[in-house]
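Since every read-out is calculated from the coordinates, none of them should be taken as a lab result. These numbers were taken from a predicted model, which means no experiment stands behind them. A quick note on method: Cβ atoms are made from the backbone with ideal geometry, for glycine too, and the neighbour counts reach across all protein chains shown.
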Amino acid sequence: MKELIVITGASSGIGAAMAKAFSAKGHPLLLLARRLEPMLDLELENSLCISVDVTDGEAIKAAIATSVAKFGPVGGLINNAGVMLLGHTDTQDPAEWSRMININVMGVLNGIHAVLADMKARKTGTIINISSVAGRKSFPNHAAYCATKFAVHALTENIREEVATHDVRLVTIAPGAVETELLSHTSSDEIKAGYADWKEEMGGVIAPETIADAALFAYQQPQSVCVREIVLAATRQQ
Ligand code: NDP
């Protein structure tokens with residue numbers, strides 16, 4: 001059997017597409033998100049689905065221990081869980097900023113903390129963190145979200161340098177706009193409508209499967225090759 005792949009945020013969108021793509025290549029999977037049903041509905045072979053909130057580092061560790069006992073060591077971790085709560089900085093509820101920082105940044109660090117010591121000891125392993133084009137440039141109403149995604153870029157590259165001599169790879173994937181549930185959690189109807197118009201004006205966005213293909217490409221390189229960063233977006237996106 002191939003190496004175990006752990007995917008956070010596998011209950012919808014990009015995470016679900018990556019689960020299908022890695023499963024199709026024969027990898028056993030540990031799928032994590034708060035909603036269990038949509039992960040079970042994927043009906044993927046050799047997959048363990050556990051309801052976990054990524055802000056709970058101990059829960060991630062416990063879920064990984066269960067999956068390792070069943071499938072062997074973690075070959076790859078994909079930190080994909082995230083939320084995007086857009087808002088005007090003067091009026092947005094600061095609780096939304098805390099939520100994004102906890103899920104998008106602390107959640108990624110919690111995932112890394114759960115696997116890194118073992119990967120270093122075994123001198124192999126790959127961690128793919130899903131950032132965003134909003135982790136490289138700013139967009140209107142994205143201040144706190146951009147801050148979390150710039151942080152994902154920074155911490156990924158920093159840890160890559162930290163563990164490179166242990167043959168552990170860290171990869172940042174930065175998608176442009178993708179058709180998923182992501183926008184639905186923004187509370188302002190005005191901002192949601194503006195974002196929908198922006199997507200239409202650019203003539204459409206990319207599919208979650210395109211991001212899954214990018215993750216597979218990075219993962220499938222020989223362990224001696226680290227694809228450090230992939231940025232991909234609709235051709236017409238600015
Ligand atoms: P979705 O909203 O469709 O998926 C987000 C996933 O994250 C869900 O599975 C959700 O599961 C999970 N999640 C959210 N909060 C938590 C939590 N506290 N604990 C565990 N899981 C959680 O959006 P996408 O698929 O688009 O998003 C995936 C990643 O891609 C995110 O990091 C996002 O920032 C990034 N991205 C998305 C882009 C887009 O345009 N769609 C563009 C660039 C980057 P559940 O609710 O069941 O917990």
Against the longest principal axis of the chain, how steep is helix 107-122, in degrees 0 to 90 to the nearest 10, with axes from Cα atoms?
20 degrees
Tally Lys/Arg at +1 and Asp/Glu at -1 over every other residue whose Cβ is under 15 Å from the Cβ of residue 112; what's the total?
-2
Take every Cα pair under 8 Å in the chain that's 6+ residues apart, average their separations, divide by the length, and report that relative contact order as a whole percent.
20 percent
What 222 nm value per residue comes from the helices of the chain, counting each DSSP H run with n ≥ 4 as -39,500 (n - 2.57) and dividing by all residues, nearest 500 deg cm²/dmol?
-13500 deg cm²/dmol
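Structure shown: which of 2/61; 2/199; 20/70; 25/199; 61/123 lie over 27 Å apart, alpha-carbon to alpha-carbon?
Correct reply: 2/199; 25/199.
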Using a 10 angstrom cutoff on alpha carbons, build the Gaussian network for the chain and name the most mobile of 127, 191, 112.
191
Expected max-MSF residue from 98, 23, 47 in the GNM of the chain (alpha carbon, under 10 Å) is 98
Using only Cα atoms and rounding to the nearest 10 degrees, what angle (0 to 90) does helix 208-220 make with the longest principal axis of the chain?
30 degrees
Pairwise FRET efficiency - residue 164 versus residue 196, Cβ, R0 = 45 Å, nearest 0.05:
0.60
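Please work out how much length the chain gains when fully extended from residue 221 to residue 58, using 0.36 nm per residue of separation minus the C-alpha to C-alpha distance, in nm with one decimal.
Details: separation 163, 0.36 × 163 = 58.68 nm, distance 3.09 nm.
Here the answer is 55.6 nm.
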Would you look at the GNM of the chain, springs on alpha carbons closer than 10 Å, and say which of 32, 170, 182 moves the most?
182
Extent of the chain along each principal axis, from alpha carbon coordinates, in Å, largest to smallest?
48, 37, 33
For residue 65 and residue 231, calculate 0.36 nm times their separation in residues minus their Cα-Cα distance, and state this gained length in nm to one decimal.
56.6 nm
For residue 127, distant residues with modelled amide H under 5 Å away:
77, 169, 170, 171
Provide the convex hull volume over Cα atoms per residue for region 163-209, in Å³.
113 Å³
